[in-house]
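Here's the structure, in structure tokens; my notes come after.
Every number here is computed from the coordinates shown, using simple stated rules; none is lab data. All values reported here derive from a predicted model rather than from experimental measurement. A quick note on method: Cβ atoms are made from the backbone with ideal geometry, for glycine too, and the neighbour counts reach across all protein chains shown.
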Amino acid sequence: MAWQWFHRLGSPRWFYEKSASWMPWLGVLAVFMLVLGSIWGLGYAPPDAKQGNSYRIIYIHVPASFLALAGYYIMAISGAVGLIWRMKLSFMVMKCAAPVGAVLTFVSLVTGAIWGKPTWGTWWEWDARITSMLVLFFLYLGIIALQEAYKNQDSADKTSAILSLVGMVNIPIIYKSVDWWYTLHQPATLKLTEKSSIDPSMAYPLIWMIIAFYVTYAWLLLMRTRVEILEREKRTRWVKDLVTQNH
């Protein structure tokens, strides 16, 4: 049964039909959580003792950074599944994850620069964490470029999957950069194995926003994947029937 479910999940048609009922709920939940979290963090969390109100950008910067990294894992794992089991849907997810991840990484870099100006006195520093995040941004752009460079979709998918897997080496560097090298970037404030260095009144809205970004990411990725399925399967009978029904 488990393997049957696994192969069903790999079917573009099955995935498209099943995900239709998830989209409205995910969309409403994402918007609700983002609005509530933004009001909570930006309006009601107390100011920081040293940074004042400038620290509030963490409610955008930190969740975007989390999802930029988690999104790369999703993209690389999808590429690996596509290479190993030759599932078309996995390659579609990989392709659709790249633009979403690139936007999140860009948001992370921009908000980090905005935060860095009042904190460090500069918009940009060739800091280990910041530089490795910039490399992540270029990796995402590389996947997007490879998808557009090949006329043959199968070649584009396989090459993109290989690049995404090679790029995985950058992820642990990003995570451990503040521990391995001297860096201006502060260490993690939310910790699972140790006591967090952030006050609960600031931590709770931050955790809420991280979850909100995860929900939003899932919503955007599903939406883009559904569009990609229709584009790639447009010559199949079920898509033609779907188009006929909608018209």
So the pair-distance distribution of segment 1-131, from every Cα-Cα distance in 10 Å bins, comes to percents of 11, 28, 30, 19, 11, 2
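Kindly rank 100-113, 130-143, 222-235 from highest to lowest mean number of other beta carbons found within 10 Å of each residue.
Highest to lowest by the protection proxy: 100-113, 130-143, 222-235.
By the scheme Lys and Arg +1, Asp and Glu -1, what is the net charge of all other residues having a beta-carbon under 14 Å from that of residue 221? Provide the component values of the computation, followed by the final result.
On the way: positive: 95, 224, 226; negative: 228.
Overall, the nearby charge balance is +2.
Can you give the helix-only mean residue ellipticity at 222 nm for the chain, where every DSSP H stretch with n ≥ 4 adds -39500 (n - 2.57) and the sum goes over all residues, rounded to the nearest 500 deg cm²/dmol? Please report the intermediate quantities before stating the final value.
Numbers: 10 runs with 185 residues, N = 247.
My calculation for the chain gives -25500 deg cm²/dmol from helical runs alone.
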How big is segment 127-247 by the Kirkwood estimate over distinct Cα pairs, in Å? 18.3
Can you find, among 25, 62, 90, the residue farthest towards the positive end of the dipole of the chain? Put +1 on the C-beta of Lys and Arg, -1 on that of Asp and Glu. 90
Express the relative contact order of segment 1-115 as a whole percentage, based on alpha carbon pairs under 8 Å and six or more residues apart in sequence. 29
Nearest 10 degrees, 0 to 90: what angle lies between the long axis of helix 128-149 and the longest principal axis of the chain (Cα atoms)? 20
Measure nothing but the geometry: give the 0 to 90° angle between the long axis through the Cα atoms of 58-85 and the longest principal axis through the Cα atoms of the chain, rounded to 10°. 30
In debye to the nearest 20, the charge dipole size for the chain, taken about the Cα centre with +1 at each Lys and Arg Cβ and -1 at each Asp and Glu Cβ, equals 720
